[in-house]
1. Can A:T102 be described as among the hydroxyl-bearing types (S, T, Y), at pLDDT below 95 and surrounded by 14 or more Cβ atoms within 10 Å (Cβ to Cβ)?
2. Looking at the stretch A:236-264, which of the residues that are free of Cβ contacts under 8 Å to residues at least 24 places away in the same chain and of a type in the set (D, E, K, R) is nearest to A:K321 (Cα to Cα)?
3. Of a type outside the set (D, E), within 16 Å of the chain's Cα centre (by Cα) and either buried (at least 21 other Cβ atoms within 10 Å of the Cβ) or not in a helix (DSSP H, G or I) (or both): does that describe B:I97?
4. Based on what the data block shows, is B:E56 within 14 Å of another protein chain (Cβ to nearest Cβ) and either at pLDDT 95 or above or more than 15 Å from B:G100 (Cβ to Cβ) (or both)?
5. From the residues in the stretch B:78-93 that are surrounded by fewer than 17 Cβ atoms within 10 Å (Cβ to Cβ) and more than 10 Å from chain A (Cβ to nearest Cβ), which one is nearest to A:L261 (Cα to Cα)?
6. Evaluate the stretch A:112-120: report whether one residue or more is of a type in the set (D, E), closer than 27 Å to A:V406 by Cα and not in a loop (DSSP other than H, G, I, E, B).
7. Can you tell me which residues in the stretch B:128-154 are part of a helix (DSSP H, G or I), surrounded by 15 or more Cβ atoms within 10 Å (Cβ to Cβ) and of a type in the set (G, A, S)?
8. Output the number of the condition that B:S74 fails; it satisfies all remaining conditions of (1) more than 14 Å from chain A (Cβ to nearest Cβ); (2) in contact with a His (Cβ under 8 Å, 6 or more places away or on another chain); (3) of a type in the set (S, T, Y).
Amino acid sequence: MTDVVATNQTIIVVGGGISGMTAALEATETGKQVILLEKRPYLGGRVSQLYKYFPKMCHPTCGQEINQRRIKMNQNLTVLTQAEVANISGNTGDYTVSVTLTPRYVNNHCTACGECAKAATTEFDDEFNYNMGKRKGVYLPNAMAFPQHYVIDQRLIGTAEADAAKAACKYGAIDLDQQVETLDLKAGAVIFATGWKPYDANKIQPYGYDRFANVITNVEFERLMDPHGPTGGKLLRPSDGKEAKNVAFIQCAGSRDKNHLAHCSRICCMASLKQTNYVQEKFGDDGKSTIYYIDMRAIDRFDDFYQKVQDNPNVSFIKSKVAKVEEDKASGNPVLHGVDTEGYKRYANQHDLVVLATGMEPSVDFKGFPVKIMVNDEGFIEQDDSNGGIFAAGVASDALDVNRAVQHATAAALRAVQVVNQVAGA
Amino acid sequence: MTTAVNQAMVEKYKGNFLKEVTDNVEEGSWVKMCMQCGVCSGSCPLGPHWDHPPQELFMMIRANKREEVLSSTSMWMCTSCYNCVARCPRGLPITHIMHGLAHYSKRMGMKPKHQPTEQFGQMFWDNLTKKGRVNELKLGLGLYFKDGFAEGVKVSMGKQKLGLNMMKAKRMSPMEMLGGHGVKDLSGFHAMLKKAEELEAARVGENTDAK
């Protein structure tokens, strides 16, 4: 049985991405008892799937490492992975959160030596790479995974392969008898840092994401750049593995659109500007990028970044929402059709690869939430007194970039700390 | 040939064409909602044949290009496929605005000359209002002969087989040539149209009165 101590002075943080980790750490570093719940087998969330951050073009692994170290140093923080909230009840200062823990089948004796994975053969779609590559049924989810323990896929349980993996382990770390557990945890305040998911590009029918191999999304593009990614860090397009030297970015793919997401997802302009840098990084002056946009939203200090990209002769900007994408059958090149707003010229432009700058939608549908909270039309949690001791952190509250998500998470931590302080009578 | 009401509108709105469109064109109040993304223009199947795609028309309205907009052939090219309406990220009823603009340009006497859609529209209206029912035989023949007698005979001969088949299938009667069928209460129908015209004239008058 998993042994977790929780009282009504505990803060529970749901979601172990950058916002959840930040909220949990900020709260626990004030001396509070915090439990961090994460659905995936590792912390880091979607940020861990990014190649680089804007505007500094640094690697997210760096900040990830700092946060992992902070977690290890804090005795008051309990991290539960493969944990999902099944129910929540109660009121401010007195919540009960029911948590379902699905088994990893690997305990903390694991040294991540990888012998178990060598004994396994069956492959599954790799979620970490947005299903673009394969991983084994016994696997380390990613190089930076925290906790640094292997995972055995539920679908292998009961097979000879799972037994072989167990036999290969020299540390007695594999326990194939682990069962699903349910925990009822007490909490004074709960922070939802449940984040986002990319808008489903299949719903944007005219762009042909479902039909054309060389139309991908911005999150998939990030994975292509990762040395551990499906292409080993090469910018190769999916249809024929050709180098993608002429890349088109379609902005507002599903955002600012009554037919899709009504809100502006805020990060996609900067993400595409950042990704033009990737094309330069790989191909130098042979790499060309074209951004099709309604208007570029690079706010505040990001404008410097935008101007730098504008000064790059290898990047062109076309002010136009692309009407439709077709495929040139012979070359497999996507062809973009539309009308340019600056001059009203009709175009039909061929590119090697099209990247849809898909927007953010909340990963959790809060509409059927078991306790009353304020949710706006876009599905994000609104800050409201009637939410009691329940707070949103990061993208659960709105479409935010990492910088703003972290700021927001710190604020959420302080709000939660105030609630448990009142419970304690401090 | 511009109309008196056109002069009155020019007087009243004095260089604020967007306001004029907002006030007087059907669904015209949506024009200011356009964010110039251009997805309508790119999605229009007739797009390459327009002088100005919808997005450009909307910008021209805002830029006060009254003359160019109202005498344009563009809005007459709309076939009501609704592709633009389906894709517009802001939900503008673009098809309806196009028809509204076409109607308004006609009312202002600024419609383009020899525009077939406009000619057919007028023909359809005259045909329909005569008896309250469309006389398809007369309407069809009228369309064939609109470019002169010789052209009419040529088109009619070409469509001979279609006409005979329609008669066989009882979809068209040659007797329609003699008067044709109509609504039961024809005078009531005409009275209704007259009243509607009066109301419309009053509405326009109200809008053109200097206040």
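1. Working: among the hydroxyl-bearing types (S, T, Y): yes; at pLDDT below 95: no; surrounded by 14 or more Cβ atoms within 10 Å (Cβ to Cβ): yes.
Considered against the rule, which asks whether it is among the hydroxyl-bearing types (S, T, Y), at pLDDT below 95 and surrounded by 14 or more Cβ atoms within 10 Å (Cβ to Cβ), A:T102 comes out as no.
2. First, the residues of the stretch A:236-264 that are free of Cβ contacts under 8 Å to residues at least 24 places away in the same chain: A:236, A:241, A:257-259.
Next, from what is left, pick out any that are of a type in the set (D, E, K, R): A:257-258.
On the way: A:D257: 11, A:K258: 14 Å.
Selected residue: A:D257.
3. On the way: of a type outside the set (D, E): yes; within 16 Å of the chain's Cα centre (by Cα): yes; either buried (at least 21 other Cβ atoms within 10 Å of the Cβ) or not in a helix (DSSP H, G or I) (or both): yes.
So B:I97 fits the description; yes.
4. Taking the combined requirement at face value, the residue satisfies it.
5. B:P93
6. Here is the first cut: in the stretch A:112-120, the residues of a type in the set (D, E) are A:115.
Those still in the list that are closer than 27 Å to A:V406 by Cα too: none.
No, the stretch A:112-120 contains no residue that is of a type in the set (D, E), closer than 27 Å to A:V406 by Cα and not in a loop (DSSP other than H, G, I, E, B).
7. Of everything in the stretch B:128-154, those that are part of a helix (DSSP H, G or I), surrounded by 15 or more Cβ atoms within 10 Å (Cβ to Cβ) and of a type in the set (G, A, S) turn out to be B:G140, B:G142, B:G152.
8. (1)
The values are calculated or read from the model by the stated rules, or taken from the named source; none is laboratory data. The structure presented is a predicted model; accordingly, all values stated were derived computationally and were not measured. With ideal geometry, Cβ positions are generated from the backbone for all residues, glycine too; neighbour counts draw on all protein chains shown.
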